[in-house]
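The values are calculated or read from the model by the stated rules, or taken from the named source; none is laboratory data. Computed from a predicted structure; not experimentally measured. Counting neighbours? That spans all protein chains shown, and the Cβs are built from the backbone with ideal geometry, glycine included. Heads up: the accessible areas ignore ligands, DNA and RNA and are worked out on the full protein's heavy atoms, side chains in. Shrake-Rupley method; radii C 1.70, N 1.55, O 1.52, S 1.80 Å.
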Amino acid sequence: MQLSELHARSQHADRAFRVLAVVAATTVLVVLALITVTMSKRAWPVLEHMGLDFFTSSRWSAPEGIYGALPFIFGTLFTATIALALAVPVSLGVALFITQVAPPWLKKPMVYLLDLLAVVPSVVFGLWGVLVLSQHFGLGRSFLTAGIILAVMITPIITSLSREVIETTPQTDKEAALALGATRWEMIGASVLPHSKGGLVGAVMLGLGRALGETIAAALVIGSALGQITLDPYASGNSMPAVIANEFGESDGMHKSALIALAVTLFVITIIVNLVATAIVQRSMRRSRGT
Amino acid sequence: MTTVASDLHAKPSWRSARSAIMTGLMVAAVGAVALPLVAVLWAVIERGASVAFASFPDFFTSEIPVISRRAGPGMGPAIVGTFLVTGGATLLSVPLGILGAIYLNEYGGTRKLARAVRFMATVMTGVPSIVMGLFIYIMWTMRFGYSAFGGALALAALMLPVVIGSTEQMLRLVPSHLREASYALGATKSRTIIAIVLPAAAPGIVSGCLLAVARAAGETAPLLFAVGAATAYNPSLFDEANTSLSLQIFGNATSSFAAAQDRAWGAAFTLVLLTFLVTFIARVVTARFSRMR
């Protein structure tokens, strides 16, 4: 075989591989475009039928053909708020403990354990929530139970992200504070927190994104009460993903469209939260690297 | 002023007391995290293991009782279903994700398409799993009916951006002098990537993919409307309804029958064991990797 022929052949292979890689990367764009188009198309009928009432009405009755999603939007935001209120202080505490207090021998196993907990399936937390937490602790199936379960689920995520952010604090910043006579807590307040503020906000928002979209655990413990808008944490309620999970199987026609419209609403909310979070995290990471 | 010197030797002031209190609160936070997590794992082991290992290996091999209040074992079909769905998702998403990451890191760089893909991959990681479930229902299940493959598609769509993200990070860690050495020897770009870059990054890529698999194996919401609810073995990826451990836990959790609840705990035990096993293997691979360096 001629050398030039060999050369031509390997160039062909080279180009083919490149095309393959481009196609693979483009799949992401195709899938997202498909999600947006097909879901919006299916959600359209109910939005036409209900108009803006879909977002502002609190009545949801499939037999009557009335679909007001407000109670579910409220439920999603309420449970996520409870979850954040519980998870954020605890996650920050653990992240600070791991990075500033824990001796080296304890640090590694703790990080390892947190990573392990992040892979415990949400349905297992849901099972524990419905059969143990809601029955033996007098909480029933309620916003609060759902909030607690969500908090337990997002704590490992917020903690590990916060830990990464906090660890980018330059050693010199911390030593400067200590050299001026600061106590450990004063050092944290003067060096660690100001340095990692942006990243911590981002970590919390990523946790919020997870809490908003979490379906199964919420569907099991929130109580599936229709139309409840109340700030009583012991009341039963419902959230967007939980309604979809519980009703979609037996739905048809307009009902199906309404549930898909709920999914689209959820999709938009979580994506906004996630994008803002990612932007904040990336900016603070870039700034802390000094580039 | 002599008081300054004596102040430095003063008894623990409110400042150090406050620091100690805050440190105490941090320890309390560790406790607050550990408590529910230990409680969950304890419940799964205590209530699940006894179910799963009663008259071993029946629980892992028997079919699921059709009448759910009937006591007795059976999660065999769910275990097979979990492997089918997760395996299918892995076969779909891992090659695609690795190729996509190769484009991003080796070809795309800061080009417009690469930036768009990177951004959209971030967006895609935020898509709630139930939304992905409905999407696959519309695209696949409405046309072809229930099957393990529908579930695999949904999980693959969730895994893809994760695989792309972790793989790109690993590729970025490969030092560029390795690539340059390969070019200097006359290798083409594709050959350099396949023979030099990928092997150098392999352990990291494998461990990233395994973590994505572990997460996917426990997903329930994307499977709800795609896989169906079989109670008998169905080894086929494409035909007929199937089931999975996560779906069985979800279905049995709200049952008022003790027998069904027992099976939910047994299935939870099995599922947690599987996901931990995969995570553990990922850890071992990473550890090997860092020792090699």
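Couple of notes before you dig in:
- Scanning the range A:112-131 for residues that are without any contact (Cβ under 8 Å) to a residue 24 or more places away in the chain and more than 8 Å from chain B (Cβ to nearest Cβ) yields a count of 1.
- The set of residues from the range A:132-157 being part of a helix (DSSP H, G or I), touching a residue at least 12 places away in the same chain (Cβ under 8 Å) and not β-branched (Val, Ile, Thr) comprises A:LEU133, A:SER134, A:PHE143, A:LEU144, A:ALA146, A:GLY147, A:LEU150, A:ALA151, A:MET153, A:PRO156.
- Every pair of residues 6+ apart whose Cβ atoms lie under 8 Å, when the first sits in the range B:181-209 and is away from every other protein chain (no Cβ under 14 Å) while the second is basic (Lys, Arg) and open to solvent by 60 Å² or more (accessible area, probe 1.4 Å): B:PRO203/B:ARG288
- Selection from the range A:223-248 of residues that are facing chain B (nearest Cβ under 10 Å) and part of a loop (DSSP other than H, G, I, E, B): A:SER224
- Residue within the range B:171-178 that is closer than 26 Å to B:MET120 by Cα, in contact (Cβ under 8 Å) with a residue 12 or more places away in the chain, open to solvent by 30 Å² or more (accessible area, probe 1.4 Å) and not in a loop (DSSP other than H, G, I, E, B) present: yes
- The one condition from (1) open to solvent by 10 Å² or more (accessible area, probe 1.4 Å); (2) of a type outside the set (Gly, Ala, Ser); (3) touching a residue at least 40 places away in the same chain (Cβ under 8 Å); (4) within 12 Å of another protein chain (Cβ to nearest Cβ) that A:LEU266 does not meet is (1).
- Residues that are touching a helix residue (DSSP H, G or I) at 6+ places or on another chain (Cβ under 7 Å) and more than 8 Å from every other protein chain (Cβ to nearest Cβ) within the range B:238-253 comprise B:PHE238, B:ASN242, B:THR243, B:SER244, B:LEU245, B:LEU247, B:GLN248, B:ASN252, listed in sequence order.
- Given (1) of a type outside the set (A, V, I, L, M, F, W, C); (2) more than 12 Å from every other protein chain (Cβ to nearest Cβ); (3) part of a loop (DSSP other than H, G, I, E, B), index of the condition B:TYR146 fails: (2)
- Of all the residues in the range B:251-275, those that are within 23 Å of the chain's Cα centre (by Cα) and free of Cβ contacts under 8 Å to residues at least 12 places away in the same chain number 2.
- Highlighted here are the helices (runs of 4 or more DSSP H) found entirely within the range B:56-139 that include at least 3 residues which are farther than 29 Å from A:ALA218 by Cβ and in contact (Cβ under 8 Å) with a residue 60 or more places away in the chain: B:76-102.
- None of A:PHE72, A:PHE78, A:PHE54 is closer than 26 Å to B:TYR137 by Cβ, among the hydrophobic types (A, V, I, L, M, F, W, C), more than 14 Å from every other protein chain (Cβ to nearest Cβ) and buried (at least 20 other Cβ atoms within 10 Å of the Cβ) except A:PHE54.
- When restricted to residues that are open to solvent by 80 Å² or more (accessible area, probe 1.4 Å) and either without any contact (Cβ under 8 Å) to a residue 60 or more places away in the chain or within 14 Å of chain B (Cβ to nearest Cβ) (or both), the range A:57-69 contains 2.
- Evaluation of B:PRO199 against (1) at pLDDT below 90; (2) surrounded by fewer than 21 Cβ atoms within 10 Å (Cβ to Cβ) (one fails), failing number: (1)
- The residue list B:ARG283, B:ARG215 contains one member that is open to solvent by 40 Å² or more (accessible area, probe 1.4 Å) and more than 25 Å from A:ALA245 (Cβ to Cβ), which is B:ARG283.
- Helices (runs of 4 or more DSSP H) within the range A:160-222 that include 3 or more residues closer than 30 Å to B:ALA17 by Cβ and without any contact (Cβ under 8 Å) to a residue 12 or more places away in the chain: A:171-179
- In the range B:87-110, of all residues being more than 14 Å from A:ALA21 (Cα to Cα) and open to solvent by 20 Å² or more (accessible area, probe 1.4 Å), the one that is nearest to the other protein chains (Cβ to nearest Cβ) corresponds to B:LEU92.
- Residues (touching a helix residue (DSSP H, G or I) at 6+ places or on another chain (Cβ under 9 Å) and open to solvent by 40 Å² or more (accessible area, probe 1.4 Å)) located in the range B:186-196: B:LYS189, B:ARG191, B:ILE194, B:ALA195, B:ILE196
- Single condition B:SER147 does not satisfy, out of (1) open to solvent by less than 40 Å² (accessible area, probe 1.4 Å); (2) over 19 Å from the mean Cα position of the chain (by Cα); (3) among the hydroxyl-bearing types (Ser, Thr, Tyr); (4) under 28 Å from A:ARG15 (Cβ atoms): (4)
- Total residues in the range A:35-51, condition more than 14 Å from chain B (Cβ to nearest Cβ) and crowded, with 22+ Cβ neighbours inside 10 Å: 0
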